Amino acid sequence: MAEILEKKLKDQDFSDTGALLQVKRLHVWFELRRFGFGHAGYVRAVDDVSFELKAGQAIAVVGESGCGKTSLMKTILGLNTPIKGDIIFDGMKLSELDRKGMMEYRSKIGFVQQDPYGALPPFMSIRSILDEPLIINGVKDPKERNERIRQVMEEVRLSPVDDFIEKFPHMLSGGQQQRVVIARAMILEPKLIVADEPVSMLDASVRVEILKLLENLQKSHNLAVIYITHDLSTVRYFSERIFVMYAGKVAEKAVVDEILNNPLHPYTEALLTATSEPDAANARIYKEVPPGEPPSLVNPPTGCNYHPRCPKIIEGLCDLEDPPEFEPVPNHLTLCWLHKDA
Amino acid sequence: MAENNSSLLDVHDLKLHFRASAGIVQAVDGVNFQLNRNEAVVVLGESGCGKTSLAKALLRLLPRNVAEYSGEVYLGGEELMGLTDEEYRKQIRWVRMSMVPQAAMNALNPVLRVGDQVAEPMMIHAGIKKEEALAQARDMFSRVGVSADFLHRYAFELSGGMRQRVAIAMSLVTLPDLVVLDEPTSALDVLTQANIFNLLKRIKKEFEVSFILITHDIATSSELADRVAVMYAGQIVEVGDAESFFSAPLHPYAQKLMASVPRLRGDQELEFIIGKPPSLIDLPTGCRFAARCPRRFEKCDQDPPVFDMGNRRIVKCWLYEGN
Ligand SMILES: Nc1ncnc2c1ncn2[C@@H]1O[C@H](COP(=O)(O)OP(=O)(O)OP(=O)(O)O)[C@@H](O)[C@H]1O
Ligand SMILES: Nc1ncnc2c1ncn2[C@@H]1O[C@H](COP(=O)(O)OP(=O)(O)OP(=O)(O)O)[C@@H](O)[C@H]1O
Ligand code: SF4
Ligand SMILES: [Mg+2]
Ligand SMILES: [Mg+2]
């Protein structure tokens, strides 16, 4: 297996494309061990993913539970080590960083975690939660830290600041807690924010408030944003491009309107069909949903990983051969054999 | 579809209050609504507005710290609040009215095979013998789309979507008239959600059952809704048929809520509601939405009554006085 990978990855060199972030042929495989020792296979959480992100750009990564979204993000944050492939962020190559370099790398990427309720330490005040990253990153002057904390709280509209700064997380509403999480992600003035399901735990009306806040921050700070979600209906409100992820792979990538109006991958079509709009007519019709469930990431199917569920399967091809990336429409890429002649 | 327009459930001034250290939590505070046979009503509302408490009040699944439990509930014409706990347990809960609790799929018994769990309500509540109950469980499994092989499995061996199907099967085995579903799909993926809604639609037809679907997910709620009830701070502030509600909600809170729903296509601005709901311990005397309402006027300092708009549509807002 490692040999095949080696061969696959030979062409792995980075050219300077002016991108802020380059993800190249990233493979994040978790080793499965039997009884704590003895190799029992790999969980292929991220399986050959490549993309680029320019400064100030926003992309959305969409996919179902367990498809590898969080694993991809954690790797970009330097929290997982890829088994193959590499990442270059702001001129720093992840695989070549020493401890000090790693610290600088991490300080330039802000992280908004999946679960706002579990993200904040319950026994720390908002002030100490925001103070911590500053102290760790060597901002020694307490006055300077205080000023930065107040500034970032204003930016996420936790104001008047004095009403919030000494409070503890449980005293805040869900939306306010999520503002604190965003403030913490912003405090070191990152160039990139990774937001992992930042609104999925929140009520509809609060959700909009947080999405708008993220959008404003992105524009005013020229931030690059990676927005991870399982909900296609929220993506167009602030990302330019969508990556649709299925079982560790990016099945399709294109700008938002292309994905919504001209989906090329059968899985993307299924996602679009399954997503509801509030409409009384829905109750009178059945939805067409592909049978089955996403495949095992330990023993993925041969060929296209969607073939066991795909209504458009080309027998003898899809079930045998891994589809490469096709580009039937300029800048609209998909891993699907249906587009082989494009 | 067989239309049967007789009334199944009538709820008048239902209250369920809890005692807490900070005071009395008025979680369900004078709820009124009505439901016909074979109809599905969706109860929409944000976290903490009292949706689960309403379900508990209907099924009389009460915690120890109840401060008040009152009102009138008629099921098929029979008044339920006057029944003793014993009568209620024997004649109503599970037998005529059942529930898929919030997070049911994570609450299945880990040490019982799922087939036995589905058979259990029949043995306990309908006095059916084990073998017969297991046969019926097998039949119910096939109707909710779970392979009979799974009867002998444990909950942890099933995916989330399969566990939710098992929970739905449990609520149906006694063939009740009414099933209360508390957030049945909120923890599931979109494709699994769509599958579960297909299933619920089929079950509604096949079993001629009525549903109360509790959820905060407005878009997917339309997959099942014949009627919509909107809950705010312990009360129902609007009820209407799905058609009218989704195209033109009346209550300012319902209007704001609808404007906050992201749409796949189109480019209308999303709105959000400034501020947060009042504490259920310290409620305002006037309209409970007034502090956040863009259309409030002098009258809103007083508690609005429920205005009947005709066509089984009601709204609790002064704007509709003498409509
Ligand atoms: N440290 C780890 N060791 C082993 N397996 C892991 C590890 N982290 C994640 N996985 C597995 O990798 C797969 C992808 O998980 P990941 O958390 O990235 O999915 P996700 O798309 O973020 O899902 P969700 O929407 O549920 O958050 C899952 O099968 C998960 O169980
Ligand atoms: N046994 C109890 N004792 C005291 N307070 C309670 C009790 N059960 C619920 N509450 C409170 O009553 C209010 C309504 O709770 P409920 O669970 O009914 O809300 P909900 O609308 O179902 O919310 P969610 O959408 O988060 O499930 C909340 O403020 C809750 O904290
Ligand atoms: S490659 Fe084949 S099986 Fe895979 S999505 Fe395309 S048509 Fe379906
Ligand atoms: Mg995740
Ligand atoms: Mg609830």
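Values quoted throughout were computed directly from the atomic coordinates according to the rules given, and no laboratory measurement underlies them. For clarity, every value in this text was computed on a predicted model and none was experimentally measured. Please note: Cβ atoms are built from the backbone with ideal geometry, for glycine as well, and neighbour counts cover all protein chains shown.
Overview of values
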read-out: Pair residue A:296, residue B:112: separation of 7 Å Cα→Cβ label points (nm); value: 3.0 nm
read-out: Aspartates and glutamates whose Cα lies under 16 Å from that of residue A:93, excluding same-chain neighbours fewer than 8 positions away; value: A:13, A:16, A:52, A:104
read-out: Shape of the range A:100-236, Cα gyration tensor, a/c cut at 1.5; value: oblate
read-out: 3J(HN,Hα) from dihedral phi, the range A:57-65, Karplus parametrisation 6.51/-1.76/1.60, rounded to Hz, x for glycine, proline; value: 8, 10, 10, 10, 10, 10, x, 7, 3
read-out: 15 Å beta-carbon shell around residue A:150, net charge (K/R +1, D/E -1); value: -2
read-out: For the range B:99-175: span of alpha carbons on each principal axis (Å, largest first); value: 29, 25, 23
read-out: Charge context of residue A:189, other residues only, Cβ under 12 angstrom, K/R +1, D/E -1; value: +2
read-out: The range A:162-211: radius of gyration over Cα atoms, expressed as a fraction of 2.2 N^0.38 Å; value: 1.20
read-out: Cα Rg over Rh - chain A, Kirkwood; value: 0.99
read-out: Longest site-free stretch - chain B; sites: GluC sites (Glu not before Pro), DSSP loop, at most 16 other Cβ within 10 Å; value: B:4-207
read-out: Cα shape, the range A:75-145, gyration tensor, a/c 1.5 rule; value: oblate
read-out: Estimated [θ] at 222 nm from DSSP helical runs (n ≥ 4, -39500 (n - 2.57)) normalised by residues in chain A, nearest 500; value: -8500 deg cm²/dmol
read-out: Descending Cα extents along the principal axes, chain B, whole Å; value: 66, 50, 43
read-out: Compactness relative to 2.2 N^0.38 Å, alpha carbon Rg of the protein assembly as shown; value: 1.03
read-out: Interchain or long-range residues, amide H under 5 Å from residue A:245's placed H; value: A:62, A:63, A:251
read-out: Computed over the range B:99-175: relative contact order in percent, which uses C-alpha pairs under 8 Å that are six or more apart; value: 46 percent
read-out: The range A:78-142: chymotrypsin sites (Phe, Trp or Tyr not before Pro) in DSSP loop, at most 11 other beta carbons within 10 Å; value: A:123
